Amino acid sequence: MLRKNVLITGAKGGIGSAITKAFIAKGYRVIATHYPSSELNAKQWVKDNNFSESELRLLPLDVTDTAFCQEALSALLEQEQHIDVLVNNAGITQDTSFKKMSAEQWHKVINTNLNSLFNVTHPLFTAMCERRNARVINISSVNGLKGQFGQTNYSAAKAGMIGFTKALAAEGARAGVTVNAIAPGYTSTPMVEAMDFNILESIRAGVPMKRLATPEEIASAAVYLASDEAAYITGETLSVNGGLYMS
């Protein structure tokens, strides 16, 4: 049986690492992207997690650069022959109130979190439709559903991901390509856990389940949406937020 390939952007982060490990545990071969200038850091991440060459391949990719992505991903398709699952997970924050937000903060978040969907998905989508039975999974956010003070850029980008998901799902359905989004709530990643203790406690108190999500819970949702059991689910947004926001 041919081993399935999954391409994961933002693979080194807290949620990205959990997604990577979950897919490897299910027998997938992971192609993990990293920013071109962070090669040493990416190699250390591979070493720290004991990923083998048969399990994981590193791919330098600037997800904000359309031409770079087109060239790199076209070459990747020639080498690998097939990408069965694409997980668009790359994302950043540049939080501040809208009145204080600079154009650079706006464009940096939109380019990384939203425009990257075109840059990464477009070079692969035709081949995925031709191969059929492929999956695109976009990691959005609870704040793309409800909004968040100080995150107009981030919330706009994550909401845009959901619109992208629904529209592309309509295009991929006839070819058996499902396109879904996951909207995590606050998740226990190193970045979140480094927040001020009182702020973190306030966040936990606001979640009906009184805790943060684990990265593994987000990863499990991604693996499910990639599975054969989820073949009839498309255009949906799966909220994993402990009841923080119910739409």
Nearest 500 deg cm²/dmol is fine: what mean residue ellipticity at 222 nm does the chain get from its DSSP H runs of n ≥ 4 alone, each adding -39,500 (n - 2.57), divided by its residue count? -14000 deg cm²/dmol
Which whole-number percent is the relative contact order of the range 160-247 (Cα, under 8 Å, 6+ apart)? 43
Where a Cα-Cα gap under 28 Å defines reach, which lysines qualify for Lys210, not counting those fewer than 8 residues away within the same chain? Lys12, Lys21, Lys146, Lys158
Express the relative contact order of the chain as a whole percentage, based on alpha carbon pairs under 8 Å and six or more residues apart in sequence. 20
Evaluate the charge dipole of the chain about its Cα centre and quote only its size in Debye, nearest 20, assuming +1 on the Cβ of each Lys and Arg and -1 on the Cβ of each Asp and Glu. 400
Per DSSP, the loop-located GluC sites (Glu not before Pro) within the range 50-140 having at most 14 other beta carbons within 10 Å are Glu53
For the chain, the charge dipole (Cβ of Lys, Arg +1; Cβ of Asp, Glu -1; about the Cα centre) points to a positive end, and the Cα of Gly147, Ala230, Gly206 closest to that extreme belongs to Gly206
The Cα radius of gyration of the range 55-135, divided by 2.2 N^0.38 Å with N its residue count, comes to 1.29
Could you order the peptides 2-8, 198-204, 177-183, 92-98 from most to least packed, using the average number of other C-beta atoms within 10 Å per residue? 177-183, 2-8, 92-98, 198-204
Å³ per residue of the Cα convex hull, for the range 1-130? 118
Summed side-chain charge close to Pro36 - residues other than Pro36 whose Cβ falls under 10 Å, Lys, Arg +1, Asp, Glu -1: -3
Share of Cα-Cα pairs in the range 104-247 beyond 22 Å, in percent? 43
Give the Rg/Rh ratio for the chain, taking Rg as the radius of gyration of the Cα atoms and Rh as the Kirkwood radius, to two decimals. 0.95
Rg and Dmax of the range 83-177, using alpha carbons, in Å: what are they? 14.6, 47
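No value in this document is a laboratory result; all are computed from the given coordinates. Nothing here was measured: the structure is a model prediction, and the numbers come from that model. With ideal geometry, Cβ positions are generated from the backbone for all residues, glycine too; neighbour counts draw on all protein chains shown.
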